[in-house]
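The values are calculated or read from the model by the stated rules, or taken from the named source; none is laboratory data. Bear in mind that the values here come from a model prediction, so they are computed numbers and not experimental data. Methodologically, a virtual Cβ is constructed for each residue, glycine included, from the backbone with ideal geometry; neighbour enumeration extends over all protein chains shown. Accessible surface areas use protein heavy atoms only, side chains included; no ligands, DNA or RNA. Shrake-Rupley method; radii C 1.70, N 1.55, O 1.52, S 1.80 Å.
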Amino acid sequence: MRAAQARIVLTGAGGGIGRATASTLACAGASLLLVGRSPERLESQARELVAAGAPTAHIGWRACDLTSAADIDRLAAEAAIWGCNVVLHGAGLPAFGRLQSQSAADMQAVLQTNLLAPMLLTRALLGHLLQQPAAQVICVGSALGRIGLPGFSVYSASKFGLHGFAEALRRELAETPVRVQYIGPRSTETGFNNADVAAYNQATGTAMDPPADVAREILRLLEDGSAERFLGFPEKIAVRLNGVLPTWLDGSFRKHRHSLPPAPALTAGALPS
């Protein structure tokens, strides 16, 4: 689908990748319904896109709490009325550190935002999308959705799940107008990664891409219709190897294990709540 034909619901529009993607897509002629938590930030972002040259009629916004099933249903109803033909799942929460340092509430929030919310929003919009001449569901995942690294057990679980959802739904909808796609960026230079992740990346030699690079790849994915794409070298190679011989790579991550923040000093049963 050409960008000028796309009416895109973009979740996580105010994040680092989300802002860059919104700008790139708007410049390419797409219409956007920006979705996030803060009405003030969304309204300001919409004004910035219009000031940069996007037609006012091409840019809208809706505040939505993606942890609320009722909010997701309301968003889907408004997006259908707006005439969306692309859903771009860009919202996400980070999780980094040893498993015993992760609180139960944080783990639940990550899985809810990164995995369940895209599933629920896609389900709520699917009837509408199936009625379009052509439609797309694009999941912004991660290379960590195919390669499990020490320190990312919770985050990887959410992105492995998102990849599985996209893959299975792509095959389920293969004979319909709806194309399901997955893009897996590697680490990106945004506020999504805290100081601990930055130190881990430096210690392990992990490269970080500018969000504008990821945004350009999302535009490319939209227009060329590829089923999935992973970004960066050697990450793209590691994704393929891990898919074929996952245990073969297990010995490659000693440096990663030793670069993690220390485990909290907890007694048995005394885990973060």
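Being under 23 Å from Ala22 (Cβ atoms), surrounded by 17 or more Cβ atoms within 10 Å (Cβ to Cβ), touching a helix residue (DSSP H, G or I) at 6+ places or on another chain (Cβ under 6 Å) and touching a residue at least 60 places away in the same chain (Cβ under 8 Å) holds for only one residue in Ser187, Ser158, Ser142, and it is Ser158.
Glu175 falls short of the stated requirement of being of a type in the set (Asp, Glu), modelled with pLDDT of 85 or more, touching a strand residue (DSSP E or B) at 6+ places or on another chain (Cβ under 7 Å) and open to solvent by 60 Å² or more (accessible area, probe 1.4 Å). Within segment 81-104, restricting attention to residues that are assigned to a helix (DSSP H, G or I) and touching a Ser or Thr at 6+ places or on another chain (Cβ under 7 Å), the residue that is nearest to Thr190 (Cα to Cα) is Leu99. Quickly run through segment 214-273 and pick out the residues that are at pLDDT 75 or above, assigned to a loop (DSSP other than H, G, I, E, B) and either open to solvent by 60 Å² or more (accessible area, probe 1.4 Å) or of a type in the set (Ser, Thr, Tyr) (or both). Scanning segment 214-273 gives Ser226, Phe233, Pro262. Applying the selection to segment 32-53, what residues are under 21 Å from the mean Cα position of the chain (by Cα) and not aliphatic (A, V, I, L, M)? Gly36, Arg37, Ser38, Pro39, Arg41, Gln45, listed by residue number.
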